[in-house]
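Student: Input: one structure, supplied below.
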Amino acid sequence: MNRRPLRALGGILLQVALGVVGSLRGASVPDAGEGTTGLFFESGGRKIRADFYPAAEGKSHRTVIVMYGAGGMLFDGPSMRRVARSLAGAGDTVYLLHYFNRTGTIGALDSTMRVHYAEWLQTVRDAIVWVHGREEMGTRSIGLYGYSLGGFLAIAASSDNPLVGAVVEQAGGVWNSEEKRVGKMPPVLMVHGLEDKRVPVEKYARPLLGVLRVRGGHVETDFVPAEGHVFSETAMAAVRPKAAKFFSRELR
């Protein structure tokens, strides 16, 4: 994600302004045009935003954290918002996590990911604890939906984590192929485009599948023909309800 189109400058400034306002007030801020609320928690001494999507009809059955990829909210935001709205419509309480707030990042190159991955992973872990406590979930666990970099983070953050009960990872894998760092895993739905050149199936998805079959209780796959790293809206329209059904089955 190394594009910096000038037409996006206004959107960048708006996001920065909203983040600054929320940090100064230490309170929630509205997400313009979305009908959602921006909530904040602290990780690594920084204010981290999470867009809150209440469950449809006010009755929550599950709680899910959604995470964008290296494109951040600027590039991945529209697709991840649609995922969040779809899950909320299915009865889930959803938090769209702005984990890049930890490092002031907008979009991440490979070099950026190598430098900041550990900080983002800790932020995701902090978010899991914060959401679980905020929802007063007791012994119930939450779900993680991560796309691309978010998928790598979801796998790592759910390893040996009793607060996570199910993961949907799209176009992710095991970070740096360090499979030995993956411990006990919850049920996982793997979604991957067979034409993905950014995170190739043979290099990331199939090795992850083998690891999950050994370390996890349950794994499902949705390897989609003719789709690359960024899915078409037609493909995503099929992925979103599959993710909702997976969480519905696994988060009890």
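The values are calculated or read from the model by the stated rules, or taken from the named source; none is laboratory data. Quick caveat: nothing in here was measured; it's all calculated off a predicted structure. Cβ atoms come from the backbone with ideal geometry, glycine included; neighbour counts cover every protein chain shown.
Student: Output the residue which, of all residues in region 49-76 that are touching an Asp or Glu at 6+ places or on another chain (Cβ under 7 Å) and part of a strand (DSSP E or B), is nearest to Ser111 (Cα to Cα).
Tutor: Looking at the filtered set, the residue picked out is Asp51.
Student: Scan region 174-196 for residues that are more than 26 Å from Glu135 (Cβ to Cβ), assigned to a loop (DSSP other than H, G, I, E, B) and either at pLDDT 95 or above or of a type in the set (S, T, N, Q) (or both) and report the count.
Tutor: Residues in region 174-196 being more than 26 Å from Glu135 (Cβ to Cβ), assigned to a loop (DSSP other than H, G, I, E, B) and either at pLDDT 95 or above or of a type in the set (S, T, N, Q) (or both): 3 in total.
Student: Being surrounded by fewer than 18 Cβ atoms within 10 Å (Cβ to Cβ) and of a type in the set (Asp, Glu) is the filter here; which residues of region 223-241 pass it?
Tutor: Residue satisfying the conditions is Glu233 alone.
Student: In the list Phe152, Phe100, which residue meets the criterion of being crowded, with 23+ Cβ neighbours inside 10 Å, assigned to a helix (DSSP H, G or I) and either over 10 Å from the mean Cα position of the chain (by Cα) or of a type in the set (A, V, I, L, M) (or both)?
Tutor: Exactly one residue qualifies, and that residue is Phe100.
Student: Please count how many residues of region 124-140 are surrounded by fewer than 17 Cβ atoms within 10 Å (Cβ to Cβ) and touching a helix residue (DSSP H, G or I) at 6+ places or on another chain (Cβ under 7 Å).
Tutor: Residues that pass the stated criteria total 0.
Student: Ok, one more. Quick check, is Val199 out of contact with any helix residue (DSSP H, G or I) (no Cβ under 6 Å at 6 or more places or on another chain), surrounded by 19 or more Cβ atoms within 10 Å (Cβ to Cβ) and either hydrophobic (A, V, I, L, M, F, W, C) or modelled with pLDDT of 95 or more (or both)?
Tutor: yes
Student: Hey, does region 220-235 have a residue that's modelled with pLDDT under 95 and either over 11 Å from His192 (Cα atoms) or aromatic (Phe, Trp, Tyr) (or both)?
Tutor: Among the residues of region 220-235, not one is modelled with pLDDT under 95 and either over 11 Å from His192 (Cα atoms) or aromatic (Phe, Trp, Tyr) (or both), which makes the answer no.
Student: Return the only residue of Leu109, Leu121, Leu74 being in contact (Cβ under 8 Å) with a residue 60 or more places away in the chain, within 24 Å of Pro200 (Cα to Cα) and surrounded by fewer than 19 Cβ atoms within 10 Å (Cβ to Cβ).
Tutor: Going through Leu109, Leu121, Leu74 in turn, just one is in contact (Cβ under 8 Å) with a residue 60 or more places away in the chain, within 24 Å of Pro200 (Cα to Cα) and surrounded by fewer than 19 Cβ atoms within 10 Å (Cβ to Cβ): Leu109.
Student: Restricting to region 202-237, what's the tally of residues that are over 18 Å from Asn176 (Cβ atoms) and part of a helix (DSSP H, G or I)?
Tutor: 7
Student: For region 199-225, what are the residues that are in contact with a His (Cβ under 7 Å, 6 or more places away or on another chain) and among the aromatic types (Phe, Trp, Tyr)?
Tutor: Phe223
Student: I'm trying to understand the selection: among the residues of region 158-175, which are closer than 15 Å to Val211 by Cα and either small (Gly, Ala, Ser) or under 9 Å from the mean Cα position of the chain (by Cα) (or both)? Walk me through how you get there before you give the answer.
Tutor: Start the filter on region 158-175 by keeping residues that are closer than 15 Å to Val211 by Cα, which leaves 158-160, 167, 169, 172-175.
Selection gives Ser158, Ser159, Glu169, Gly172, Gly173.
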